[in-house]
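Colleague: Once you've had a glance at the structure underneath, I'll fire off some questions.
The values are calculated or read from the model by the stated rules, or taken from the named source; none is laboratory data. For clarity, every value in this text was computed on a predicted model and none was experimentally measured. Quick reminder, even Gly has a Cβ in these numbers, built from the backbone with ideal geometry, and neighbours come from all protein chains shown.
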Amino acid sequence: MQLRPIKLNDWPEILAIQAQCYTELEPESLAVLQNKVQLGANTCFAITHKNLLIGYCLAHPWKKGLSIALNKQLCGLDETDCLYLHDIALLPSAQGLGIGERVLNALIDAAHQLALDSICLVAVQGAQHYWRRHGFSPQQTQTLLAHKQTRSNTLRDAQLMSYPKDACPMSLSLDTVKEYRL
């Protein structure tokens with residue numbers, strides 16, 4: 001398994017992998033996915049095996065606790081403290097082989113190099129159990145609580161409104177993984 005920068009000709013396969021992996025969500029547009037790479041050129045990867053694209057990882061520096069809506073382009077932030085893990089998506093045939101853990105280790109290393117103190121994500125489709133096994137813990141923010149209780153359309157909740165009801169914001173403190181390797 002190799003991690004390499006995403007190339008222009010990878011995008012059709014990345015879109016196909018996204019559609020296979022996220023069956024409960026509307027697929028994000030090509031422009032939105034490419035925007036993630038612009039924000040995190042050193043933390044977004046194509047995942048290959050024997051020169052075949054088997055998955056991708058999209059992550060970028062962000063501000064812990066600041067919600068990100070699905071299918072929206074973002075502007076970079078001047079101050080960041082976490083690495084926001086948007087996706088690790090693998091073809092079904094590549095799942096369960098430890099590849100996700102190897103990608104997570106690469107992200108931990110990258111976050112340390114960027115002097116970030118945590119990795120944040122929003123788990124969907126029941127993935128919170130997977131992420132808990134790797135040290136992530138749920139983050140109950142006021143925005144999330146309001147979202148789950150009322151599903152209101154206030155500006156404050158608008159970012160999380162794009163997620164399904166079972167979405168779970170989570171974070172991993174890098175202080176707890178300095179010497180830890182999966």
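Colleague: Has segment 78-86 got at least one residue that is hydrophobic (A, V, I, L, M, F, W, C), free of Cβ contacts under 8 Å to residues at least 60 places away in the same chain and assigned to a helix (DSSP H, G or I)?
Modeller: Checked segment 78-86: no residue is hydrophobic (A, V, I, L, M, F, W, C), free of Cβ contacts under 8 Å to residues at least 60 places away in the same chain and assigned to a helix (DSSP H, G or I).
Colleague: If you don't mind, another one. What is the number of the single condition among (1) outside any helix (DSSP H, G or I); (2) under 17 Å from residue 132 (Cα atoms); (3) not small (Gly, Ala, Ser) that residue 68 does not meet?
Modeller: Result: residue 68 fails condition (2) only.
Colleague: Between 119, 108, which is under 24 Å from residue 1 (Cα atoms), assigned to a strand (DSSP E or B) and in contact with a strand residue (DSSP E or B) (Cβ under 9 Å, 6 or more places away or on another chain)?
Modeller: The match here is 119.
Colleague: Got a number for residues in segment 1-29 being closer than 20 Å to residue 122 by Cα, in a helix (DSSP H, G or I) and either among the aromatic types (Phe, Trp, Tyr) or touching a helix residue (DSSP H, G or I) at 6+ places or on another chain (Cβ under 9 Å) (or both)?
Modeller: Residues that pass the stated criteria total 5.
Colleague: For segment 98-110, does any single residue satisfy the condition of being exposed (fewer than 13 other Cβ atoms within 10 Å of the Cβ), closer than 30 Å to residue 165 by Cβ and out of contact with any His (no Cβ under 7 Å at 6 or more places or on another chain)?
Modeller: no
Colleague: Which ones in segment 123-134 are surrounded by 15 or more Cβ atoms within 10 Å (Cβ to Cβ), out of contact with any Phe, Trp or Tyr (no Cβ under 6 Å at 6 or more places or on another chain) and within 22 Å of residue 44 (Cβ to Cβ)?
Modeller: Result: 124, 127, 131, 134.
Colleague: Restrict the check to segment 51-66 and report whether at least one residue is of a type in the set (Phe, Trp, Tyr) and either in contact with a strand residue (DSSP E or B) (Cβ under 7 Å, 6 or more places away or on another chain) or modelled with pLDDT of 95 or more (or both).
Modeller: Within segment 51-66, one or more residues are of a type in the set (Phe, Trp, Tyr) and either in contact with a strand residue (DSSP E or B) (Cβ under 7 Å, 6 or more places away or on another chain) or modelled with pLDDT of 95 or more (or both).
Colleague: Oh, and also: Only one residue in 48, 80, 43 is surrounded by fewer than 21 Cβ atoms within 10 Å (Cβ to Cβ), in contact with a strand residue (DSSP E or B) (Cβ under 9 Å, 6 or more places away or on another chain), within 30 Å of residue 96 (Cβ to Cβ) and of a type in the set (Ser, Thr, Tyr). Which one?
Modeller: Sole residue among the options that is surrounded by fewer than 21 Cβ atoms within 10 Å (Cβ to Cβ), in contact with a strand residue (DSSP E or B) (Cβ under 9 Å, 6 or more places away or on another chain), within 30 Å of residue 96 (Cβ to Cβ) and of a type in the set (Ser, Thr, Tyr): 48.
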